[in-house]
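Below is one structure, written out as C-alpha cells, with a few remarks after it.
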Amino acid sequence: MESKDDAPRTEEARLRARHFYLVGRVQGVGFRRYVEREALALGLTGWVRNTPDGRVEVLAAGPEDGLGRLAERLRQGPRGARVYEMSTENLESAPPTGRFHIRRDP
C-alpha cells in the first residue's frame, strides 16, 4: 500500500509556468542563445524572443526549482549583457511543451 509520503505531490514536482521580461542591454549580446542554453540545461520547456521595444521576453515551464535557477541566470545574463530590470509573472494556464527554443516573431 502506498502512503501519502510516497506520492509525488510536492510543490517542487509540480510543473509551473513563468513569464519573464528583461530590460537593459539584452538585445544584440547573445541573450536569447544564452537563455535557450540555460533553459535546456535545466530541463525546462518554453521559448525566448526579442520584443520590438528592446526587451527580452521568456516563457518557461518546469519544476519550481528549475524556474528559480533560470531566474538567477537571467539576472546574470551572458557576457556583455546588463539586466537593469526583470519582471516575472506566474501563469495559471497550461505550460508550454516541447523543446525550449528561440522564437523569431515579434
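Couple of notes before you dig in:
- The chain - percent relative contact order, Cα under 8 Å, separation 6 or more: 41 percent
- For segment 20-43, the residues whose backbone nitrogen is under 17 Å from a point 7 Å from the Cα of Arg99, taken along Cα to Cβ, are 33-43.
- Vicinal HN-Hα couplings computed from phi for segment 20-31 (Karplus, 6.51 cos²θ - 1.76 cosθ + 1.60; Hz; Gly/Pro x): 10, 10, 10, 10, x, 8, 10, 10, x, 10, x, 5
- Between the helical axis of 64-76 and the longest alpha-carbon principal axis of the chain there is an angle of about 20 degrees.
- Only helices enter the 222 nm calculation for the chain: every DSSP H run of n ≥ 4 contributes -39,500 (n - 2.57), and dividing by all residues gives -7000 deg cm²/dmol, rounded to 500.
- Packing, taken as the mean count of other beta carbons within 10 Å per residue, orders the peptides 76-89, 20-33 from highest to lowest as 20-33, 76-89.
- Converting phi to 3J(HN,Hα) with the Karplus coefficients 6.51, -1.76 and 1.60 and the offset θ = phi - 60°, segment 55-60 yields 8, 10, 10, 10, 10, 10 Hz in sequence order, with x at every glycine or proline.
- What the Kirkwood sum gives for segment 23-106 is a hydrodynamic radius of 12.8 Å, with every pair of different alpha carbons counted.
- Efficiency of FRET from Cβ geometry, Glu72 and Glu92, R₀ 25 Å, rounded to 0.05: 0.60
Taken together, the values in this text are just the output of simple stated rules run on the coordinates, not laboratory data. Since the structure is predicted, the reported quantities are computational estimates derived from the model, not experimental observations. Backbone-built Cβ (ideal geometry, glycine too); neighbour counts: all protein chains shown.
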